[in-house]
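For reference, the structure is listed below as structure tokens.
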Amino acid sequence: TVTVKASRCLIVTATYGSELSWQVVTLRRFRDEKVMSTRSGRAFMSVFNMVYYSFSPQVSQFISKHGNLRSIVKVLLSPLIYILRLSEYVASKLWANPELAVIVSGIVASMLIGLVYFTLPAFILVRVTKLNPPVRHLFMISAAGLLLTIVSLYVAEALLPVFTSTLVLSTFFSSPGFFAKLLQHGISRTN
């Protein structure tokens, strides 16, 4: 007897009320059929799952018990759903090389998630504190993460979880700073 336990999209399922909602099916299909079919995707998902499943059962249970919260979470999750759909589309165009497709898809998703969710707070932080975020350094870390991810695919696969996570996180954190600086620059040029 073989028992297969699929990873569930707990928060999205609790928010949309069913594992059969198109949002859940879309995310699960991309994760299971595309991302998990590659070495770099499996490496990243091993780290992601460790983090996600450390808190998602409690969050999804809370959402399930508070129906009025679902509407708010749906609004918050909508950009994420569409970002991941766009990432899936990007991957589909590069699928001749699945590893490259998943890596580029991860970069696109990370950059857009950072842009959509954190550019405005980063912009406000830059304006209020007059900080000059070291975006160039974060992009250099992203570039190094990309290079190391590609090298580890062929040389040291055991390091893939570290490098794929570094690539995703550094891209995620650098994009809001970059877009906030662009916004700041655009505003200062109009004044």
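The values are calculated or read from the model by the stated rules, or taken from the named source; none is laboratory data. A quick note: this is a predicted structure, and the numbers were derived from the prediction, not measured. FYI the Cβ positions are ideal-geometry reconstructions off the backbone, even for glycines, and counts take in every protein chain you see. These area figures cover heavy atoms from the full protein model, side chains too; ligands, DNA and RNA do not enter into them. Shrake-Rupley method; radii C 1.70, N 1.55, O 1.52, S 1.80 Å.
Structure notes:
- With helices as the sole contributors, the chain gives -27500 deg cm²/dmol at 222 nm; each DSSP H run of n ≥ 4 counts as -39500 (n - 2.57), and the sum is divided by every residue.
- Each of the peptides 55-63, 105-113 was scored by the mean count of other Cβ atoms within 10 Å over its residues; in descending order, highest first, they stand as 105-113, 55-63.
- The aspartates and glutamates within cross-link reach of residue 74, meaning a Cα-to-Cα straight distance under 12 Å and a gap of 8 or more places when in the same chain, come to none at all.
- Förster radius 25 Å - calculated FRET efficiency between residue 21 and residue 59, Cβ distance, rounded to 0.05: 0.90
- Under 18 Å from the Cα of residue 65 - aspartates and glutamates, other chains or at least 8 residues apart: 19
- Computed from the alpha carbon atoms alone, the convex hull of the stretch 1-98 holds 120 Å³ per residue.
- With N the number of residues in the chain, Rg(Cα) / (2.2 N^0.38 Å) evaluates to 1.12.
- Hz values of 3J(HN,Hα) by residue in the stretch 96-103 - Karplus curve (6.51, -1.76, 1.60), Gly and Pro given as x: 4, 10, x, 5, 4, 4, 6, 5
- Its alpha carbons considered, the stretch 107-191 gives a radius of gyration followed by a Dmax of 14.9, 52 Å.
- Percent accessible area from carbon and sulfur atoms, the chain, protein chains only, probe 1.4 Å: 69 percent
- Partner lysines whose Cα lies under 18 Å from the Cα of residue 93, excluding those fewer than 8 positions away in the same chain, are identified as 34.
- Whole-Hz Karplus values for the stretch 105-122 come out as 4, x, 5, 4, 4, 4, 5, 5, 5, x, 4, 5, 8, 10, 5, 4, x, 5 Hz, taken residue by residue from phi with 6.51 cos²θ - 1.76 cosθ + 1.60 and θ = phi - 60°; glycine and proline positions read x.
- From phi via Karplus (6.51, -1.76, 1.60), per-residue ³J(HN,Hα) for the stretch 14-23 in Hz, x at Gly/Pro: 5, 5, 8, x, 7, 6, 9, 5, 4, 5
- The stretch 42-92: C-alpha gyration tensor shape, a/c 1.5 cut-off, then a/b vs b/c: oblate
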